[in-house]
Ligand SMILES: [Zn+2]
């Protein structure tokens with residue numbers, strides 16, 4: 001008896017962990033997520049996956065991932081410094097650890113986004129591509145098209161006796 005076919009969504013590339021380490025697209029695990037140190041692709045160059053799902057605020061959550069990465073890192077570095085220079089105060093050690101970590105900021109930025117993308121795709125793998133075009137217009141244009149009931153049309157106010165039966 002044949003084994004059930006693998007899911008079509010199953011990437012052919014490396015494992016998820018390797019995909020995170022190599023910063024590859026979570027769907028195909030072939031296309032890179034970043035074009036350069038500070039430059040992210042909008043869509044996967046290999047399979048076209050929209051990394052931010054078309055949402056400009058999509059990476060707000062990556063901020064929390066960057067805290068989750070940076071805080072243990074600073075703590076570890078502080079501990080190592082303490083073993084090297086035990087006479088220093090905790091404050092001095094933390095400041096030094098922070099200064100030493102500045103060159104790593106681009107990698108914290110990249111990996112926080114990579115982990116956020118993998119986290120997001122793990123819990124919500126679908127990409128329904130919801131378009132928001134069907135939403136009714138808002139703002140002044142909508143008000144002019146559909147004035148609130150009771151205000152009446154402009155004609156009622158201009159014609160004398162327009163409001164009388
Ligand atoms: Zn891809």
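The values are calculated or read from the model by the stated rules, or taken from the named source; none is laboratory data. What you see is a predicted model, and the numbers here were worked out from it, not measured in a lab. Here Cβ is always computed from backbone atoms with ideal geometry, including for glycine, and neighbour counts include all displayed protein chains.
Selection within the range 22-50: residues that are buried (at least 18 other Cβ atoms within 10 Å of the Cβ) and within 8 Å of the ligand (Cβ to nearest atom). The member of this set that is nearest to residue 104 (Cα to Cα) is 24.
Taking the range 51-84 as the range and being surrounded by 11 or more Cβ atoms within 10 Å (Cβ to Cβ), farther than 20 Å from residue 107 by Cα and modelled with pLDDT under 95 as the test, the residues that pass are 53, 54. With the condition kept exactly as written, say whether any residue in the range 97-109 is away from the ligand (no atom under 16 Å from the Cβ), within 12 Å of the chain's Cα centre (by Cα) and crowded, with 16+ Cβ neighbours inside 10 Å. Taking every residue of the range 97-109 in turn, at least one turns out to be away from the ligand (no atom under 16 Å from the Cβ), within 12 Å of the chain's Cα centre (by Cα) and crowded, with 16+ Cβ neighbours inside 10 Å. Condition (residue is more than 23 Å from the chain's Cα centre (by Cα), more than 14 Å from the ligand (Cβ to nearest atom) and either part of a loop (DSSP other than H, G, I, E, B) or under 20 Å from residue 125 (Cα atoms) (or both)) applied to the range 66-86: is it met by at least one residue? Yes, there is a match, as at least one residue in the range 66-86 is more than 23 Å from the chain's Cα centre (by Cα), more than 14 Å from the ligand (Cβ to nearest atom) and either part of a loop (DSSP other than H, G, I, E, B) or under 20 Å from residue 125 (Cα atoms) (or both).
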